[in-house]
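Structure, as structure tokens:
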């Protein structure tokens, strides 16, 4: 994934040479972007030929496919359920259902279950090679753009490695854990925390332990997909600052946290040596600022996380915790692969991963049609939204994972894509067509206008007996600590939604949508909910995506509110 880190062993004076080498390697990929249509079709037809003797290939006439038009006639646009029987057969040991005989099935990854039940995804030697190549291109540009940090430590925490086995005996992992395990042994000294850290189930204990190991290290790179996780990491350090100082001074790892004994023993070699100077430096920060935040103990590491989509909105608060750290979007990444490669800081957009899949795009208006119009990347219209369709070496062909992307321009003939939201999260109680993206964007714009930091928020579409339908907005009381501020937030949020969605404005003014409510939850309730969800799904918390919009009215019943604040009519 980041083979260029090997060169961190060379002197600082030689690092410009590394930057040049990385830039050259990226430039080779960039050339492909100017010939993207041909690159994509060549990849597709090679894959079709390779899979013609699989059960899927035979059923869909792969032997007769010679062109993209042939492919589209033979293979329908499909969701996961269409592939599930083939994947189940592979999981049971009948790999020829999807996997060519000359390729090897290695294991499975599993989705994080952000919408529905977690699903299995085959990992073959070819798919894994392409995945690593795509991550490598992203890493080349990421490191080449920030040469001053080359040689610094990387803080990266991954998901769960062993999540069980399929009926055919194949292991199941989260994709982030898979990537961490397939790294070159030469890179391991540059990672600030061991992969065993992910065995700590309690997130608070895991984040504390990560900080205990890294707070006095020279951290130059942070890779965590969810910006909310980064904020929580920073908050844990401030909350337990006295424990961190004591552990540094004494050469210990606090017993107040639930850390498995074998892992404690493993970490002893890194924690048993007292670091009095480090403890004094942290105390000096607290004496000067009153807090203990990464902006003061780390030197503005380059942060990679989600910047776009509903999960990315919390990235706007990162500078309050991490200072002037550059931000690079992680890109559209899923258990099925890396689909976009961001190539610049700050902007939540990237080019398609031409080397690891074939991508098509279905206009949002075409969703649900029997024969939807589908276009290639160079045919997109800037500013328009599309469902992303993927064909990959894992066995998917024209697979719609439900992700909506927006075209933000072009590099050569390749589109710049920004992830917007999951397509299934659209409220339609009375024809208002309220999207999850509109909810989150309006809520954070409202918070910015009021000068407050907004934590997680969820809108719930509610159709109640003998009442006009309405939306309830759930936030923790910490974000809006008094009723007057909460009322102003709700009023302004309603106005923002009117400005962003003319159908919302019409339905609200017609009175068919009742005034929304603001439900304030106790402090810490979202963290409890996340822990419950992670436990229910059996997946890690790093890639957890909080729902910005829920369409099940009964979802709110699991929460006991502090209070419910209705919007006052003007």
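Taking neighbour counts of Cβ atoms within 10 Å as a proxy for exposure, in what order, fewest first, do 50, 304, 554 appear?
Ordered by Cβ neighbours within 10 Å, fewest first: 554, 50, 304.
Going by how many other beta carbons lie within 10 Å of each one, how would you line up 119, 422, fewest first?
Working: 119 19, 422 22.
The most exposed by this proxy come first: 119, 422.
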* Hey, if you drop one equal point scatterer on each alpha-carbon of region 219-265 and run the Debye formula without solvent, what base-10 log of I(q)/I(0) do you get at q = 0.23, 0.30 Å⁻¹? -> -1.01, -1.03
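If you average the sequence gap of Cα pairs under 8 Å that are 6 or more apart and divide by the length of region 133-185, what percent do you get for the contact order?
23 percent
Before anything else, pin down the relative contact order of region 203-267: Cα pairs under 8 Å, at least 6 apart, normalised by residue count, whole percent. Write out the running numbers ahead of the final one.
On the way: 26 pairs, mean separation 29.1, N = 65.
Over region 203-267, the number comes to 45 percent.
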* Structure fact -> Over region 332-450, the quotient of the Cα radius of gyration and 2.2 N^0.38 Å is 1.12
* Structure fact -> Computed curve, region 147-325, Cα-only Debye sum without solvent term, log₁₀ I(q)/I(0) at 0.12, 0.15, 0.17, 0.18 Å⁻¹, is -0.59, -0.92, -1.18, -1.31
* Asked: Using the alpha-carbon centroid of each, what span in Å lies between region 488-522 and region 310-341?
  -> 29 Å
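Just want the ordering: 173, 356, from fewest to most Cβ atoms lying within 10 Å of their own Cβ. Don't jump to the answer; show the numbers that get you there.
Details: 173 23, 356 26.
Going from sparsest to densest Cβ surroundings: 173, 356.
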* Asked: Taking the inverse of the average 1/r across all pairs of different Cα atoms in region 178-246, what Kirkwood radius in Å do you get?
  -> 13.2 Å
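Tell me the Kirkwood hydrodynamic radius of region 426-566 in angstroms, computed as one over the mean inverse distance between distinct C-alpha pairs.
On the way: mean 1/r = 0.0645 Å⁻¹.
Answer for region 426-566: a Kirkwood hydrodynamic radius of 15.5 Å.
Which whole-number percentage describes the relative contact order of the chain, with Cα contacts under 8 Å and a sequence gap of 6 or more? Intermediate results must be reported in sequence, preceding the final value.
On the way: 1074 pairs, mean separation 76.4, N = 570.
RCO, the chain: 13 percent.
Counting each DSSP H run of 4 or more residues in the chain as -39500 (n - 2.57), what helix-only mean residue ellipticity at 222 nm follows after dividing by all residues, to the nearest 500 deg cm²/dmol?
Numbers: 18 runs with 209 residues, N = 570.
Rounded to the nearest 500, the figure is -11500 deg cm²/dmol.
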* Could you run the Debye sum over the Cα atoms of the chain, one equal point scatterer each and no solvent, and tell me log10 of I(q)/I(0) at q = 0.07 Å⁻¹, two decimals? => -0.44
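Every read-out reported here was derived from the displayed coordinates using simple, explicitly stated rules and does not represent laboratory data. Values in this document were obtained by computation on a predicted structure and should not be read as measured data. Reconstructed Cβ throughout: ideal geometry from the backbone, glycine too, with neighbour counts over all protein chains shown.
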